[in-house]
Protein chains: 2
Amino acid sequence: MARPRRSDDTRQLLVEEGAAGFLANGYHGTGIKQILDKVGVPKGSFYNYFDSKESFGRAIIDHHSLCVQRNLTEAFGAATDPVSGLRAFFGRLMDDFVEAEFTGGCLIANLGGELEGSEVLRESLSAAWGAWRDRVAEQVKAAQRQGQIRSDIDAVDLADLLLESWEGAVIKMKIDRTLDPLRKCLDRLLGDYFRP
Amino acid sequence: MARPRRSDDTRQLLVEEGAAGFLANGYHGTGIKQILDKVGVPKGSFYNYFDSKESFGRAIIDHHSLCVQRNLTEAFGAATDPVSGLRAFFGRLMDDFVEAEFTGGCLIANLGGELEGSEVLRESLSAAWGAWRDRVAEQVKAAQRQGQIRSDIDAVDLADLLLESWEGAVIKMKIDRTLDPLRKCLDRLLGDYFRP
């Protein structure tokens, strides 16, 4: 007999399935019922885990943000220098995009584009993007100290430009079904503008 | 007595109301019924104008693309030099964003992030972005000829970087409710990296 699932396992499964749904079909295009069906949870028990679709959305954004932080830690930790760490992080994302055949893209940017009217979700998105930006800015600063990136522009400004360009390029990737915008974005910025 | 609306007036009103709806609530978050109600069209007659929600979406993207083209023509036409034309175009967009209190953003990027699964809509988005990029690349090329923008990087590559950075910055603007990302994007690129 299968071991009964503990409640927090189920909550986590709902969040993971919800993240996949939101990434594929957006917030409004994802029905709670289809998520519950996939996880095998009866419809009535959704409210045992979340107060509302909005609080479910917040849990999904927070979960996504933790995944990004873990990816950053792994990519930066394994690299021999700061710029290689940045390239490794974006390289992992590109591998994921190829595997998904250029669908999905970035949950934060997709929801940032789609959602209006929820302060709770807007604040979660802002916190997730901010946490990502801060880690990248730290890495840019480390690269500046080692002479890998120009030091005459503030690391936070460079990190903002890099991540905003990346996010725009991810949307272009989704529309055109090719990695080209992502490769060119990194070449133009990390490979040229950011050089000392 | 009010003059009866001609059929193509009604179609245009549906497209304009639909564009506003999609911008505020996304494709999946916008119901056909709410659009019909706003325009004052009975529910059953939607299919007199469009085959499906997808073909309605295509008409909205095409309409938005024509608006962008008109804005480009006006901004570039009124400017005394190519870079001023680019700045005027983005300046108009920023004025619109302030007026909308940083909601909405860019329809093409929002739908590009949200939509999966419709080749028809993906191709419309690709065509709209491509037409925009081509006009901006022409303007960059004109600026290169006049020595306003560096000529050692292809104009199309610069236009891609500018528009992708802009689109990412628009999403950041929506999330953080401030023009700062947009101003910084233009300062870093037009005001620095693109300079001869």
Can you tell me which residue in the range A:164-191 is farthest from the other protein chains (Cβ to nearest Cβ), limited to those that are surrounded by 24 or more Cβ atoms within 10 Å (Cβ to Cβ) and over 18 Å from A:L23 (Cβ atoms)? A:C185
In the range B:75-100, anything over 21 Å from B:D160 (Cα atoms) and touching a helix residue (DSSP H, G or I) at 6+ places or on another chain (Cβ under 9 Å) is listed as B:G77, B:A78, B:A79, B:F97, B:A100
State which residue pairs qualify: first residue free of Cβ contacts under 8 Å to residues at least 12 places away in the same chain and inside the range B:78-101, second residue assigned to a helix (DSSP H, G or I) in any location, beta carbons under 6 Å apart, and separation of 6 or more residues or different chains. B:A79/B:G85; B:A79/B:A88
In this structure, is B:G130 more than 7 Å from chain A (Cβ to nearest Cβ), on the phi > 0 side of the Ramachandran plot and at pLDDT 95 or above? no
Is the range A:61-81 home to any residue that is touching a Gly at 6+ places or on another chain (Cβ under 9 Å), under 22 Å from B:G29 (Cα atoms) and not small (G, A, S)? no
Test: B:V83 is among the β-branched types (V, I, T) and modelled with pLDDT under 95: no
Residues of the range B:139-161 satisfying the condition of being farther than 19 Å from A:W166 by Cα and surrounded by fewer than 16 Cβ atoms within 10 Å (Cβ to Cβ): B:R145, B:Q146, B:G147, B:R150, B:S151, B:D152, B:D154
Taking the range A:103-127 and the residues there that are at the interface with chain B (Cβ under 9 Å from one of its Cβ atoms) and aliphatic (A, V, I, L, M), the one that is nearest to B:T30 (Cα to Cα) would be A:L115
Quick check on the range B:49-64. Is at least one of its residues surrounded by 14 or more Cβ atoms within 10 Å (Cβ to Cβ), closer than 28 Å to B:D192 by Cα and out of contact with any Ser or Thr (no Cβ under 8 Å at 6 or more places or on another chain)? no
Does A:L179 meet the test of being more than 26 Å from B:L121 (Cα to Cα) and among the hydrophobic types (A, V, I, L, M, F, W, C)? no
Residue pairs, Cβ under 8 Å, 6 or more apart or interchain, first in the range B:32-43 and closer than 15 Å to B:E16 by Cβ, second part of a loop (DSSP other than H, G, I, E, B) and among the β-branched types (V, I, T). List them. none
Restricting the range A:146-163 to residues that are part of a loop (DSSP other than H, G, I, E, B) and of a type outside the set (S, T, N, Q), the residue that is nearest to the other protein chains (Cβ to nearest Cβ): A:I153
Can you work out which of the residues in the range A:19-70 that are among the aliphatic types (A, V, I, L, M), within 12 Å of the chain's Cα centre (by Cα) and more than 13 Å from every other protein chain (Cβ to nearest Cβ) is nearest to A:A88 (Cα to Cα)? A:V68
Is the range B:1-15 home to any residue that is closer than 21 Å to A:T30 by Cα and of a type outside the set (V, I, T)? no
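The values are calculated or read from the model by the stated rules, or taken from the named source; none is laboratory data. Given the structure is predicted, the values throughout are model-derived calculations rather than measurements. Neighbour counts are summed over all protein chains in view; Cβ atoms, including those assigned to glycine, are modelled from backbone coordinates with ideal geometry.
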